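These notes are about the structure you will find just below.
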Amino acid sequence: MIWSSLRESIRLFRRTPVLYLPDAVFTGIYWLLLYFVYLYTGAADILPIFQSVETFSFETLSAYLSENLAKIIASVAVFFFVTFIFGVGVLVLKFSMIRELVTGRQVSLLRAWKEMKGYFWSVVGIRLLMFVISFLALGLLALGAWAVSSRFVTLVTLVGALLVIILIQIMFLFRFPLLFFGKNRSPVHVLRDAFSLFRKRPRFVFLTWLVIVAVTFVLNLVIIIFSYV
């Protein structure tokens, strides 16, 4: 079932290139913002110095940070805010068009854009709840490690933190499909339904996650090679 669904997904994506447009626009905005931060914070002038062992010094780094700290903080804050907002918008556009494609309707970027208002805050709420859940889980793990306080436990805690984040992502893997293909738009209910699906069909959810990780790895490898060239 997993492999047949993957083949069908690839076939549908190949037939509908407009699905790539939101990601392409987001990638362009992302790199433009990153380049703006690179120039605005003075990193373009200081990085060549840091790349050389002979010219690098902690005094130079300290002077750079003290002179540009306000710019760095403001730039990073604006960068993450803008990319977060655009990221939510891109996700809504993609899933709206995917829903149209799966249900046999003609894919329309304009119609997906009109539907953004109805899903935007639901996606924001889900992302914020996922952050809170992850923060609380990692906080409890850190408290346990702090109570024991040993180097071995610290190493185990780091590995455990990674596993906790992965487990949370797997448990709520279908949160966005359930939001866009279901009738309930409440972030709490959507996460509850996603967790319920994981409890009922853990093997299916885990295999789906593995396929997503494999496909993402291959795509990122292609992007890295392309960027290097």
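Structure above, values below:
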item	result
Per-region count, the range 173-207, residues more than 20 Å from the chain's Cα centre (by Cα) and of a type in the set (Phe, Trp, Tyr)	3
Near pairs, Cβ below 8 angstrom, 6+ apart or cross-chain, from the range 184-207 (free of Cβ contacts under 8 Å to residues at least 40 places away in the same chain) to any residue that is surrounded by fewer than 14 Cβ atoms within 10 Å (Cβ to Cβ)	ASP193/GLY182; ASP193/ASN184
Filter result (over 24 Å from ARG111 (Cβ atoms), surrounded by 13 or more Cβ atoms within 10 Å (Cβ to Cβ) and among the hydrophobic types (A, V, I, L, M, F, W, C)) within the range 1-32	LEU6
Flag for SER96 being assigned to a helix (DSSP H, G or I), open to solvent by less than 30 Å² (accessible area, probe 1.4 Å), at pLDDT 80 or above and in contact with a Ser or Thr (Cβ under 7 Å, 6 or more places away or on another chain)	no
Subset of the range 172-229 [within 18 Å of GLY118 (Cβ to Cβ), open to solvent by 40 Å² or more (accessible area, probe 1.4 Å) and among the aromatic types (Phe, Trp, Tyr)]	PHE181
Number of the exception - PHE120 against (1) assigned to a helix (DSSP H, G or I); (2) in contact with a Gly (Cβ under 9 Å, 6 or more places away or on another chain); (3) open to solvent by 70 Å² or more (accessible area, probe 1.4 Å); (4) not small (Gly, Ala, Ser)	(3)
Neighbours by Cβ (under 8 Å, 6+ apart or cross-chain): first from the range 58-81, modelled with pLDDT of 80 or more; second open to solvent by 70 Å² or more (accessible area, probe 1.4 Å)	LYS71/TYR40; ILE72/LEU65; SER75/PHE36; SER75/TYR40
Exclusive hit being without any contact (Cβ under 8 Å) to a residue 60 or more places away in the chain and within 20 Å of the chain's Cα centre (by Cα), set ILE170, ILE126	ILE170
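The values are calculated or read from the model by the stated rules, or taken from the named source; none is laboratory data. Predicted model, so just to flag it, every value in this text is computed and none were measured. All Cβ positions, glycine included, derive from the backbone under ideal geometry; neighbour counts span all protein chains shown. Note: areas computed on protein heavy atoms with side chains; ligands, DNA, RNA excluded. Shrake-Rupley method; radii C 1.70, N 1.55, O 1.52, S 1.80 Å.
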